[in-house]
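One structure is given below, encoded as structure tokens.
The values are calculated or read from the model by the stated rules, or taken from the named source; none is laboratory data. Because the structure is a prediction, the values reported are computed rather than measured. Here Cβ is always computed from backbone atoms with ideal geometry, including for glycine, and neighbour counts include all displayed protein chains. These area figures cover heavy atoms from the full protein model, side chains too; ligands, DNA and RNA do not enter into them. Shrake-Rupley method; radii C 1.70, N 1.55, O 1.52, S 1.80 Å.
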Amino acid sequence: MAGALAHIAIIMDGNGRWATRRGLSRSEGHRAGTRTAKAVVTRCRELGVRHLTLYTFSRENWSRPKDEVGLIFDLLVEYMKGELSNLLEQDIRLTVLGEMADLPFVARQALSHVIQKTAHCRSMTLNLALNYSGREEILRASRALARKCAANDLRPEDITDETFAAELYTAGQPDPDLIIRTSGELRLSNYLLFQAAYAEFYFTETLWPDFDSAELERAIADYQNRQRRFGKTGSQVAD
Ligand code: FPP
């Protein structure tokens, strides 16, 4: 059904507001958000989406209250432990976009285990953006290329879209076709800055815990009705 839609990237926003509106703690919002993430992974897999990226924890999120950061990583560890068998069953490979070395030890351990166990899975790649910063990712790639040039392994004129993309966390994966952000915020928030060059955007007022299969399918249908021009005119694309 998803046709040319190879990669969906999502900014899961609004867990806190969802909880506050119900008189619940923010933790309950993140718990509900985790349930939504599980359902979206399964639905994307059923729809034949080959790559799904979820913005799970940005580098900027470290400035949240310590308890909330701890809770998010507890949920992540729970998710890793509870979902491994489902990921294997659905043939989903897990990867992390972001600097894993700075994550809490238990989270790193749980993630590494699932990454290793699912490395052979081919039907879908689930990228969790964790401790992620789009600008830092670009700087990291620039440093890697600069080191290759300094070592005479690469000429500056040979730095292309492709050689640059090969140094990103998403190396080997297609750019996102569709970026979804929930909760009515109209920002990219340092997400996939290089990879988002030609992405289509879908913004919805729906808070992340309420983002269900029907809404996911609406976002996909909306995407499929758009004409992606990649800088060409409408009639050139129609030809
Ligand atoms: C945004 O809501 C959500 C986050 C900062 C990330 C946490 C995401 C989850 C817990 C989903 C978990 C997914 C997995 C795969 C474990 P917010 O707190 O920014 O909401 P607000 O803007 O309403 O306060």
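Would it be correct to say that residue 33 is over 30 Å from residue 227 (Cβ atoms) and at pLDDT 95 or above? Walk me through it before giving the result.
Numbers: over 30 Å from residue 227 (Cβ atoms): yes; at pLDDT 95 or above: yes.
The answer is yes for residue 33.
Considering only segment 150-187, how many residues are surrounded by 15 or more Cβ atoms within 10 Å (Cβ to Cβ) and either of a type in the set (A, V, I, L, M, F, W, C) or assigned to a loop (DSSP other than H, G, I, E, B) (or both)? Adding up the residues that qualify gives 17.
Looking across 189, 183, one residue alone is within 15 Å of the chain's Cα centre (by Cα) and within 16 Å of the ligand (Cβ to nearest atom). It is 189. Residue 144 fulfils the conditions (1) outside any loop (DSSP other than H, G, I, E, B); (2) in contact with a Phe, Trp or Tyr (Cβ under 8 Å, 6 or more places away or on another chain); (3) more than 16 Å from the ligand (Cβ to nearest atom) except for a single criterion, (2).
Within segment 47-68, residues that are over 20 Å from residue 138 (Cβ atoms) reach partners that are more than 10 Å from the ligand (Cβ to nearest atom) and modelled with pLDDT under 95 with beta carbons closer than 6 Å, at six or more positions or on different chains, in the pairs 47/1; 47/2; 48/2; 49/2. Could you tell me which residue of segment 13-45 is farthest from the ligand (Cβ to nearest atom), considering only residues that are under 29 Å from residue 124 (Cβ atoms) and of a type in the set (Val, Ile, Thr)? Looking at the filtered set, the residue picked out is 42. Each residue in segment 113-135 was checked for being loosely packed, with under 15 Cβ neighbours inside 10 Å and either assigned to a helix (DSSP H, G or I) or without any contact (Cβ under 8 Å) to a residue 12 or more places away in the chain (or both), and 3 of them qualify. Restricting 223, 191, 202 to residues that are in a strand (DSSP E or B), under 24 Å from residue 38 (Cα atoms), open to solvent by less than 50 Å² (accessible area, probe 1.4 Å) and not aliphatic (A, V, I, L, M) narrows the list to 202.
Scanning segment 205-220 for residues that are in a helix (DSSP H, G or I) and of a type outside the set (Phe, Trp, Tyr) gives 209, 210, 213, 214, 215, 216, 217, 218, 219, 220.
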